[in-house]
Amino acid sequence: MILLGDFSLVDEKRGEDKHIKADFLFEVSWEVCNKVGGIYTVLKSKIPQTVKKYGENYCLVGPYFHSKVKGEFEELIMPDEYREGTEALKAMGIVPHYGKWLTEGSPNTLLLDFQPFFARKDEIKRGLWDHFRIDSLNAPFEFEEPVVWAWAVGVAIESFFRRYTSRWRIAAVFHEWLAGAGLLYLRSQKSPIGTIFVTHATVLGRSLANAGVDIYHKENEDNSLLDTMDFDREAYTRQVSSKHQLEKACAHNADVFATVSEITGIEAEHILQKKPDLLVPNGLNLDNFPTIEESSIKHRVFRDKIYHFLLYYFFPYYHIDIDNTLIYFIASRYEMHDKGIDVFIKALGKLNKELKKEDSEKSIVAFFWVPTGVRGIKPEIIENKTFFKDVEDSLKDNAEHVMWRLLSTFVAGKPIDKDTIFDKEFLDDIKRKVVRFKRSETSPPVCTHDLQDPNDAIIREFMKEGLNNAKDDKVKVIFYPIYLAGADGLLDLAYYEAIQGSHLGIFPSFYEPWGYTPLESAALGVVSITSDLAGFGRYIKQHMSEECPGICILERMGRTDDKVVDMLKEKLHAYSMMTKKERVNNKVEARKLANKGDWDLLIDNYVDAQNLCIERHFG
């Protein structure tokens with residue numbers, strides 16, 4: 001049986017004065033100054049709080065890629081503690097670069113150019129086999145590259161700090177299997193440096209989820225696949241055996257093993273056969289987010305920008321009541337099943353039928369901010385925008401004259417009608433432009449761009465569920481397949497701005513070791529739905545009432561997709577029926593819940609892991 005909730009977390013005290021037991025802390029990740037995944041956000045967001053704890057006795061370690069460090073890294077003169085041993089490292093093919101990560105907190109950063117060290121690849125893989133029985137003989141380059149770098153990290157840390165270890169208690173945090181070879185190197189050398197291994201998602205768990213395997217599915221009353229599957233054998237079947245074995249070796253050989261969430265802890269206990277010592281949930285630096293009052297103002301500003309987009313997206317085809325339109329959204333990588341995009345579309349299809357049956361006054365516009373390959377903006381949308389702007393500019397140009405005539409009519413006590421307010425020539429001109437703006441097609445497109453894939457899965461699901469933006473549809477869908485960068489020629493909103501302009505975020509993930517987007521939405525004062533298969537969902541559930549104001553938890557564990565779709569549809573429907581006052585109250589509660597994810601609180605989980613490492617390693 002799966003035991004839930006039996007993992008360690010710090011209490012909710014801020015812990016400003018928590019005692020630090022490590023004299024020096026290294027934090028090692030493939031994503032230091034290298035934006036390739038979610039750990040990059042984790043690291044950057046917690047740097048200010050970590051620097052407050054450790055000051056100059058903290059150093060991040062990452063790979064050196066010349067093409068990527070511009071704007072991320074400022075190289076400085078190598079300090080004394082790193083200077084000794086540099087020449088010996090260079091002779092081995094490891095070229096260290098010392099400086100500052102150009103981010104809040106300006107932490108000390110060591111980046112290693114390991115390309116010359118690649119000549120030792122086979123020697124390193126032999127070491128992994130001899131010491132830890134990691135079978136990497138036929139491993140691909142995507143395994144070899146981070147392994148060679150991480151091994152170089154272990155060599156460099158030991159080389160730089162060998163003369164300090166007799167009087168300093170040093171701890172090193174290694175994130176994910178990509179950094180794990182550095183930990184294993186230190187272990188193989190019996191190095192006097194304490195180690196912490198943090199996994200953000202198990203390699204095999206993600207692989208199984210990508211294949212649609214529900215490891216939480218109950219085969220009988222007592223057991224799920226987690227209890228019955230041979231995971232080591234399964235890793236070979238899924239062709240991830242080298243990564244899985246390395247990850248498993250790190251979990252068992254680290255002084256402290258931690259995961260970012262309870263759901264990943266459950267996974268690790270079964271897949272890696274090692275229960276985490278404690279959890280280190282991901283957070284945000286909430287000082288960088290608006291207050292609820294500021295969020296309220298920004299919501300109106302960015303909502304109106306979205307409404308402005310909807311005017312030229314829908315009005316050429318038919319009228320929608322903007323004042324009664326709610327904006328739903330999902331923002332994620334293009335992972336149909338893992339991110340719950342599939343169940344969201346199905347739930348919208350059912351919601352559309354229900355709202356039509358009720359003849360609801362509400363309309364829902366659901367945005368899918370899911371980047372994929374595109375050829376360009378659809379020409380008809382560019383044309384719609386151009387013609388709409390022409391009408392808009394004419395109105396703006398005539399606004400002062402209209403205001404003057406309206407004021408004169410009021411003062412004179414004359415009746416107000418279009419003839420007293422507008423010139424006939426202006427009205428005729430506007431009518432011509434509006435006629436040109438209207439289109440003969442019956443429905444607007446469901447996607448803003450022409451896609452490279454003519455058989456796109458999201459579009460297929462839209463059509464399957466009858467979501468084709470017909471005039472009588474109460475639920476409209478817009479697949480927006482590009483990154484929200486703030487200047488894309490359509491919405492022209494940055495990612496956080498688009499979230500702030502929306503009413504409800506939907507993140508019904510099937511596989512989500514943590515899941516930042518619901519936390520980001522809450523920090524921006526936006527209500528969201530997450531799932532109990534998401535690390536953040538399970539974490540925040542401990543801090544909420546059963547009514548789920550602000551952040552709602554969709555219970556997916558052990559349930560079929562059909563059941564999940566029905567439950568999600570009910571939650572989407574319930575939100576659409578809320579009054580404005582109820583929606584505002586939920587926004588306030590969402591922002592309050594976001595405080596539970598502040599690094600000011602959560603950083604102490606990392607400190608606890610580091611302190612436990614020192615206790616175990618140094619006694």
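Data for the structure
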| read-out | value |
| --- | --- |
| Relative contact order of the stretch 379-439, defined on C-alpha pairs under 8 angstrom at six or more residues apart (%) | 46 |
| Computed over the stretch 379-439, Kirkwood Rh from alpha-carbon pairs, angstrom | 12.8 |
| Cα-based equivalent ellipsoid of the stretch 88-144: semi-axis lengths in Å, sorted from largest, via gyration tensor | 29, 15, 10 |
| Pairwise label distance in nanometres, Gln189 with Ala211, each label 7 Å out on the Cα-Cβ vector | 3.8 |
| Shape metrics for the stretch 369-484, restricted to C-alpha atoms - Rg then Dmax, Å | 20.5, 64 |
| Segment His19-Lys357, extension gain: residue separation times 0.36 nm, minus the distance between their alpha carbons | 115.5 nm |
| Relative packing of peptides 487-497, 237-247 - highest average C-beta neighbours within 10 Å first | 237-247, 487-497 |
| Placed amide H near Tyr58: partners under 5 Å, 5+ positions off or other chain | Leu25 |
| Potential lengthening between Thr409 and Gln452 on full extension [0.36 nm per residue; Cα-Cα distance subtracted] | 9.9 nm |
| Karplus (6.51, -1.76, 1.60) ³J(HN,Hα), θ = phi - 60°, over the stretch 298-314, in Hz, Gly and Pro reported as x | 5, 4, 5, 5, 6, 4, 5, 5, 5, 4, 4, 4, 5, 4, 8, 7, 9 |
| Vicinal HN-Hα couplings computed from phi for the stretch 446-461 (Karplus, 6.51 cos²θ - 1.76 cosθ + 1.60; Hz; Gly/Pro x) | 8, 9, 6, 10, 7, 8, 5, 8, x, 10, 4, 5, 5, 4, 4, 5 |
| Among 554-560, 319-325, 173-179, the order from most to least packed when residues are scored by Cβ within 10 Å on average | 173-179, 554-560, 319-325 |
| Listed peptides 444-453, 131-140, 191-200, 80-89 by packing density, highest first (mean Cβ within 10 Å) | 191-200, 444-453, 131-140, 80-89 |
| Full-extension gain in nm, Glu615 to Arg162, via 0.36 nm per residue minus C-alpha separation | 161.1 nm |
| Spread of Cα-to-Cα distances over 10 Å intervals beginning at zero, given as percent, for the chain | 3, 15, 23, 23, 17, 10, 5, 3, 1, 0 |
| Built amide H within the under 5 Å cut-off of Ser363, gap 5+ | Thr325, Leu326 |
| Per-selection Kirkwood Rh - the stretch 482-619 (Cα, Å, 1 d.p.) | 16.6 |
| Above-threshold pairs, the threshold being 31 Å between Cα atoms, out of Lys68/Lys389; Lys298/Lys378; Lys385/Lys474; Lys356/Lys580 | Lys68/Lys389 |
| Karplus-derived HN-Hα couplings along the stretch 174-181 (A = 6.51, B = -1.76, C = 1.60, θ = phi - 60°), whole Hz, x at Gly and Pro | 10, 9, 6, 4, 4, 9, x, 4 |
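Quick note: the coordinates plus some simple rules give every number you see, no bench work behind them. The model shown is predicted, which means the values in this text are computed figures rather than measured ones. In this analysis, Cβ positions are derived from the backbone assuming ideal geometry, glycine residues included, and neighbour counts consider all displayed protein chains.
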